[in-house]
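Structure first, commentary second.
Computed from the coordinates by the stated procedures, all read-outs in this text should not be read as laboratory data. Since the structure is predicted, the reported quantities are computational estimates derived from the model, not experimental observations. As a convention, Cβ positions derive from the backbone with ideal geometry for all residues, glycine included, and neighbour counts pool all protein chains shown.
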Amino acid sequence: MESLETILNRAVDACAVDLRNERPARRRFCYPINKETAARLLTDAYRVEVERGQYAFTPTPDTLAQIGGVAEWLTNPTRKYSLLLYGRPGTGKTTMARALQTMAKRLRESFGPAGRERLQREAQAFFPPEVVREFERKENAVIVPTYTTAMAVATMAKDHRDQFNQICEISFLILDDIGPEPKRVNSFGTEYLPIADLIQRRYDRALPTVITTNLGDAEIAGTTQFPGYGPRIMDRLNEMCEKIPYGARSFRV
C-alpha cells in the first residue's frame, strides 16, 4: 500500500501538470493590420472627424505623433490593454477617440460580406473558401468600440442601473471626458461611484478601454481642491493604460 506521503506527492505533481497546462488569460485584442496601415487609416478617419466640425485638417507634428501612438496601441499585442488620452481641453482627444471608432467601423465593413462583394466585383474573381475564412477571421478580430461620456455613465449609474451594468461589461469602450461628472450618485438610497466602479470592473476583467480626460494624475487621484477617484483607481489606470499626452494649444481658439 502506498504511503500517505506518496499519495500526497502524486496529487501535488498532478496539480503542477494542471498549472503548466492552464490556459493563460485571454490574449489582448489586436487589430489584424500593421502599425503603418493603422496610422494611415486613422489619419484619414481623423480628417473626417475634423472636417465634420467644419474645420480644415492640417496635421501638426504632435497630432501625427498621437496618431502613431494610437496605431501602435491598436496593433501591438505587447502593449497595455487600455489607453488614456490626457491633456488640455480642445487639443484633439475626443476627435481621436471618435476617429478610432470611425476607423474600426470601416475596417470591420471592409472584411465583412459587403467589403468582400465589392472586392470581388473589382477583381472579377471568385474568392475560394480559404480566402473567405481569412476575411471572416479578420472581421471578427476588429472590435468596434462603443462610445459614451463620463457624464452619461453617471446618469446611467443613478437612473438606469441595467444600462450601467451593460456598459461596464461591454467588450471595447470609449469613455470620453472623465472629470466634470458627479463622482458620487444616489440611486434609491444607495450611493454609487460611477466612474470609479466602471474602471474597477473593467480592470478586473482586463477589458479594453479608451479614456479621455483633461485631468492630470494628481487630479485623477484627488486633491484638496478636486475630488478625484482616489489613489486606488489611479493605480489601476497606471497598470492598465498606455498614456498619450496632449499638450499643444487648443484647436478651438
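The relative contact order of the chain comes to 25 percent, based on Cα pairs under 8 Å that sit 6 or more residues apart. Counted over region 35-246, the DSSP beta bridges are approximately 15% antiparallel. A cut-off under 10 angstrom between Cβ atoms defines the neighbours of residue 154, and their net charge, with Lys, Arg +1 and Asp, Glu -1, is +1. The distance between label points at residue 146 and residue 3 comes to 5.9 nm (points 7 Å beyond Cα on the Cα→Cβ vector). When the pairs 105/243; 138/183; 35/93 are compared against a 28 Å limit on Cα-Cα distance, 138/183 fall above it. If the chain linking residue 13 and residue 160 were pulled fully straight, counting 0.36 nm for each residue of separation and taking away their Cα-Cα distance, it would gain 47.9 nm. The overall shape of region 142-192, judged from the alpha-carbon gyration tensor, is oblate: a/c is not under 1.5, and a/b is no greater than b/c. For the chain, the mean residue ellipticity at 222 nm estimated from helices alone is -17500 deg cm²/dmol, where every DSSP H run of n ≥ 4 contributes -39500 (n - 2.57) and the total is divided by all residues, rounded to the nearest 500. What number comes out for the charge environment of residue 35, summing +1 per Lys or Arg and -1 per Asp or Glu over other residues with Cβ under 12 Å away? My count for the surroundings of residue 35 gives 0.
Let me spell out the model: positive unit charges on the Cβ of Lys and Arg, negative unit charges on the Cβ of Asp and Glu, origin at the Cα centre of region 35-246. What dipole size does that give, in debye rounded to 20? List each step's numbers first, then the result.
On the way: 28 positive and 27 negative charges, 34 e Å.
Dipole about the Cα centre, nearest 20: 160 debye.
Taking the charge dipole of region 214-253 about its Cα centre, with +1 at Lys and Arg Cβ atoms and -1 at Asp and Glu Cβ atoms, the residue from 220, 238, 250 reaching farthest to the positive side is 250. Applying 0.36 nm per residue to the separation of residue 122 and residue 243 and subtracting their alpha-carbon distance, the gain on full extension is 39.5 nm. In the chain, a dipole from Cβ-located charges (positive for Lys and Arg, negative for Asp and Glu) runs towards its positive end, and of 45, 97, 87 it is 45 whose Cα lies farthest in that direction. The H on the amide N of residue 187, modeled in the peptide plane, is under 5 Å from the matching H of 192, each at least 5 residues off or on a different chain. Ranking 54, 31, 140 by Cα position along the charge dipole of the chain, where only Lys, Arg, Asp and Glu carry charges on their C-beta atoms, puts 54 farthest toward the positive end. Ordering of 139-146, 217-224, 118-125 by packing is 139-146, 217-224, 118-125, highest average first (other Cβ atoms within 10 Å, averaged per residue). Note on region 55-169: with charges restricted to the Cβ of Lys and Arg (+1) and Asp and Glu (-1), its dipole about the Cα centre is near 220 debye.
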